[in-house]
Amino acid sequence: MLAEKGDKVPASSPDPEWSPGLPLQAVPFAILACAALWLARHFYELPERLPIHWNWRGEADGFVGRNGVSVALPLLIGAAVCLMLAAFRSGLRRSAPGGALRAATLKVLLAGEYFTALICCGVLAASVTSGRLLKPVLWFVFAAVVGLVTFAAYAARGIPRERARNPSAWQAGLFYVDRHDPALFVPKRNGFGYTFNFGHPAALLLTVATLVVPLAIALAALLLR
């Protein structure tokens, strides 16, 4: 719940009114845009065939020809994932009540956008250098994953569990379905973060989106190999 006017939020608690400014939200997309501009400028300097997949020994075993969609696939994936995470942030701000849990979740989602943009740019760098930057990129990915998990754990520390909205609306203990609840996102019954209210009309659309984006990415990767 939001603190009453005049109440002080403990210094160790996430700020319940935290909201990233527009510049902070735009940085992941700016990173991807800068990479796209570099790619457009140097496109015809790239090799005719570019690696996009490596085996466990670090040997390239999947290649694509030099064409716009194939080469830019990591950036297109990054843009799609960042847009999806931004949509979740917007939905949380509009639907979920303010408080420490919402603030922490918004921070983790924004950090996920930065993570996605940097990793996708790293994959592009490994591809356009014919794998010369593969090892540094892999080390960076490992460090970024550890950093993101650590940040999520740090953001979630000490957050009190919110009051249950409608205990009878939980189906099988996992799915919250309440057509009379206007909230699109509700706190998870267990663990950190939110889940959909599957009684909300927009929940099905967002659920399909979260399934379609990864499947489209996997399909594109298979078709372009």
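Taking amide H as placed 1.01 Å from N in the peptide plane, the amide H of G199 sits under 5 Å from that of D178, each at least 5 places away or on another chain.
Near the amide H of F63, within less than 5 Å, lie the amide hydrogens of I52, all on another chain or at least 5 residues away, with H placed in the peptide plane.
One Cα centroid belongs to the range 147-200, the other to the range 44-71; the line between them spans 41 Å. With neighbours defined as other Cβ atoms within 10 Å of a residue's Cβ, the residues C34, C120 order from fewest to most as C34, C120. Exposure proxy shown here: for E162, E113, the number of other Cβ atoms within 10 Å sets the order, fewest to most, as E162, E113. Note on R157 and R66: the model spin-label points, each 7 Å out from Cα along the C-beta direction, lie 5.0 nm apart.
Stretched out fully, how many nm does the piece from L215 to W139 gain, at 0.36 nm a residue minus the Cα gap?
Details: separation 76, 0.36 × 76 = 27.36 nm, distance 2.59 nm.
So the chain would gain 24.8 nm between L215 and W139.
Provide the net charge surrounding L138, with neighbours chosen by a C-beta distance below 13 Å and charges set as Lys +1, Arg +1, Asp -1, Glu -1. My count for the surroundings of L138 gives +3.
Report for the chain the percent antiparallel among DSSP-assigned beta bridges with both residues inside it, nearest 5. Write out the running numbers ahead of the final one.
On the way: 10 of 11 bridges.
Of all bridge pairs located within the chain, approximately 90 percent are antiparallel.
Computed over the chain, relative contact order equals 21 percent, with contacts defined as Cα pairs under 8 Å that lie 6+ residues apart. Remark on F175: its backbone amide H falls under 5 Å from none of the residues 5 or more positions apart or on other chains, H modelled at 1.01 Å from N. Evaluated at q = 0.12, 0.13, 0.15 Å⁻¹, the base-10 log of the normalised Debye intensity for the chain, with identical point scatterers placed on the Cα atoms, takes the values -0.77, -0.87, -1.05.
Where a number appears in this text, it was derived from the coordinates with a stated rule and is not lab data. As the structure is a prediction and not an experimental result, all values here were calculated from the model. Note that we place each Cβ from the backbone using ideal geometry, even for glycine, and neighbour counts take in every protein chain shown.
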